[in-house]
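Colleague: Please find one structure pasted underneath; my questions will follow.
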There are 2 protein chains.
Amino acid sequence: MKENKNQLLSPAEYIPHLAFDSVIFGFNGRELKILVLEYHNTGLFALPGGFVKHNETLDTAVKKGLEVRTGIKDVYLEQFHTFGGLSRFQPEIMKTILEANHISSVENEWMLKRFISVAYYALINFTDVKPTPDALADSIDWYAIDSLPKLMLDHQDIVNKALETLRENLDRKLIGMNLLPNKFTMKDLQLVYEAILGTKLERTAFQRKMLNKDILVRHEKLFSGGAHKAPYLYSFKS
Amino acid sequence: MKENKNQLLSPAEYIPHLAFDSVIFGFNGRELKILVLEYHNTGLFALPGGFVKHNETLDTAVKKGLEVRTGIKDVYLEQFHTFGGLSRFQPEIMKTILEANHISSVENEWMLKRFISVAYYALINFTDVKPTPDALADSIDWYAIDSLPKLMLDHQDIVNKALETLRENLDRKLIGMNLLPNKFTMKDLQLVYEAILGTKLERTAFQRKMLNKDILVRHEKLFSGGAHKAPYLYSFKS
């Protein structure tokens, strides 16, 4: 959406009625956040999303769209659900956003139709990236998952479903996601689980459960201070 | 699709470019099969699918569409992936199907466009239902997953992804799916796992793994013949 703002998107180029939204989870070792855009002069908060061109695959559109809207490149996005409810059809909301950006809602009438949205999520370290808002948005910021602003349309449902998906099979997802250093302590791993599950876990039970899963390799101790207190380092089995 | 065949679907009623496909897994306690349609006089085999009306939710369209195309009612369908590749755009295939059914591909030109398909799966006991083909199809039959006919478009990819999804978190899925009687033996459970995973499992390792998961309740023994051989019955913890 870096085109001239007044001829934002050419309707003929895009598949009508089809949108995507992305839930970008950010994690810094302790806290779980989500990336949210605020549209100019509207008070409307939204997930970064976009549309799909006739001549590009859905996955390509999502990857490119996220980069244009947030400035974030090369994120591994995973599709998790397609939202096709009728309550997400609220043309006045898109009209408000277009008008606040001085874009004709008559010429861009296709954007006021009902959209089905394919949703993707990613999990990245938010200290690695500095998101930048596109022309449609005032700001783009990380918000803690338990203190999100009120999101437009069904975007809170999309976040909830993304969180539910992320929490399922968390071991397998963490192995692929490079959120932890190659070697980490059991405490580091517990902090990831606690942030994503949104709950405190009991240390010895957590450790026992993880070791039983047979997904970790134990390495040397992490020598930092008194050697007798040094915790073991672990890595994921490949 | 029970409308008059020559005016199959009114283009104005349907969201353009949006389809759905369903992978209906059938299981009878031992074998895993999939429901496949064969289109009249085309040699084309396909998953049961359909389109979404402007005034209905995606989920409603899928549920109704499956019933119309297969005669199967009240199946719990779970969405698993949306397919948006460019290789699935092959207008000549849809044209062949329409013409074989004496339906004008000129009047139904919208059906020759690129479609994004939202895919759903279900797992049912195939001895419980008798599928019936709709007007577009010659036949609808259960095929063993390892001997499917060549499927049109990307339908084999859709089946593969459905199978992958089903195999993940299988315990949790089985608990909800009523494929087993309320009480079952460890052997019954092993047969379900073997059919869905497509591999033989070692009896004692399987039993140990299942008992370690803490998802089963042990009940009385199944008395059939010699009591000393009677296996225990189990149910899933609620």
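Readers should treat all values here as calculations from the given coordinates under stated rules, not as data from a laboratory. None of these values were measured; they are calculated from a predicted model. A quick note on method: Cβ atoms are made from the backbone with ideal geometry, for glycine too, and the neighbour counts reach across all protein chains shown.
Colleague: Considering the dipole of chain B built from charges on the beta carbon (Lys and Arg +1, Asp and Glu -1) around the Cα centre, which of B:V159, B:Y234, B:V68 is farthest to its positive end?
Modeller: About the Cα centre, the residue reaching furthest to the positive side is B:Y234.
Colleague: Per DSSP helix of 4 or more residues, -39500 (n - 2.57); summed, then divided by the residues of chain A. What does that give at 222 nm, rounded to the nearest 500?
Modeller: The per-residue figure over chain A is -8500 deg cm²/dmol.
Colleague: OK, next. Using modelled backbone amide H atoms (1.01 Å from N, in-plane), which distant-in-sequence or interchain residues come within less than 5 Å of A:V52's amide H?
Modeller: A:I15
Colleague: Calculate the mean, over all residues of peptide A:74-87, of how many other protein chain Cβ atoms lie within 10 angstrom of the residue's Cβ.
Modeller: Across A:74-87, the average partner-chain Cβ count within 10 Å equals 4.
Colleague: Could you pull the copy-to-copy label distances for B:K213, with points set 7 Å along Cα to Cβ, in nm to one decimal and sorted shortest first?
Modeller: Once sorted, the set of distances for B:K213 reads 1.5 nm.
Colleague: Let me ask something additional. Give the cross-link partners of B:K187 among the lysines, using a straight C-alpha distance below 28 Å as the criterion and excluding same-chain residues fewer than 8 apart.
Modeller: A:K209, A:K213, B:K33, B:K130, B:K161, B:K173, B:K200, B:K209, B:K213, B:K221, B:K229, B:K237
Colleague: Please list, short to long, the whole-number percent of alpha-carbon pairs of segment A:179-236 in consecutive 10 angstrom bins beginning at zero.
Modeller: Per 10 Å bin, starting at zero, the Cα-Cα P(r) for segment A:179-236 comes out as 22, 54, 23, 1 percent.
Colleague: With only Lys, Arg, Asp and Glu charged, each at its Cβ (+1 for the first two, -1 for the last two), find how big the charge dipole of chain A is about the Cα centre; round to the nearest 20 debye.
Modeller: Once rounded to the nearest 20, the dipole reads 1140 debye.
Colleague: Would you report the distance distribution of C-alpha pairs in segment A:13-62 as whole percents per 5 angstrom bin, up to the bin with the largest distance?
Modeller: Calculated P(r), rounded to whole percents: 5, 18, 19, 16, 19, 14, 7, 3, 0.
Colleague: Which lysines have a Cα less than 23 Å from the Cα of A:K53, not counting those fewer than 8 places away in the same chain?
Modeller: A:K2, A:K5, A:K63, A:K64, A:K73, A:K95, A:K113, B:K53, B:K113
Colleague: Follow-up. Provide, for q = 0.08 Å⁻¹, the log10 of I(q)/I(0) from a solvent-free Debye sum over equal Cα point scatterers in the protein assembly as shown.
Modeller: So the normalised log intensities work out to -0.60.
Colleague: Sticking with this structure for a sec: Could you sort A:171-178, A:211-218, B:37-44 so that the peptide with the highest average Cβ count within 10 Å comes first and the rest follow in order?
Modeller: B:37-44, A:171-178, A:211-218
Colleague: Using the charge dipole of segment A:179-236 (Lys, Arg: +1 at Cβ; Asp, Glu: -1 at Cβ; taken about the Cα centre), state which of A:L179, A:A205, A:V192 has its Cα farthest towards the positive end.
Modeller: A:A205
Colleague: Measuring nothing but label to label, 7 Å from Cα along Cα→Cβ, what are A:G43's distances to the other copies in nm, shortest first?
Modeller: Spacings between copies for this position, smallest first, are 6.5 nm.
Colleague: Please report which chain B residue places its beta carbon nearest the axis carrying chain B onto chain A, with the distance rounded to a whole angstrom.
Modeller: B:T82, 2
Colleague: Using a label point 7 angstrom from Cα along Cα-to-C-beta, what distances in nm, from shortest up, separate A:K229 from the other copies?
Modeller: Taking the point 7 Å beyond Cα along Cα→Cβ, the inter-copy spacings are 6.3 nm.
Colleague: I need the phi-derived Karplus couplings for segment A:43-50: 6.51 cos²θ - 1.76 cosθ + 1.60, θ = phi - 60°, integer Hz, Gly and Pro marked x.
Modeller: x, 9, 10, 8, 6, x, x, x
Colleague: Quick one: the Cα spread of segment B:83-150 along its three principal axes, in angstroms, biggest first?
Modeller: The principal-axis extents, from largest down, are 41, 29, 20 Å.
Colleague: Under unit Cβ charges (Lys, Arg +1; Asp, Glu -1), what dipole magnitude, rounded to 20 debye, does segment B:180-236 have relative to its Cα centre?
Modeller: 140 debye
Colleague: Translational D (Stokes-Einstein, µm²/s) of segment A:5-167 at 25 °C and 0.890 mPa s when Rh comes from the Kirkwood sum over C-alpha pairs?
Modeller: It comes out at roughly 154 µm²/s.
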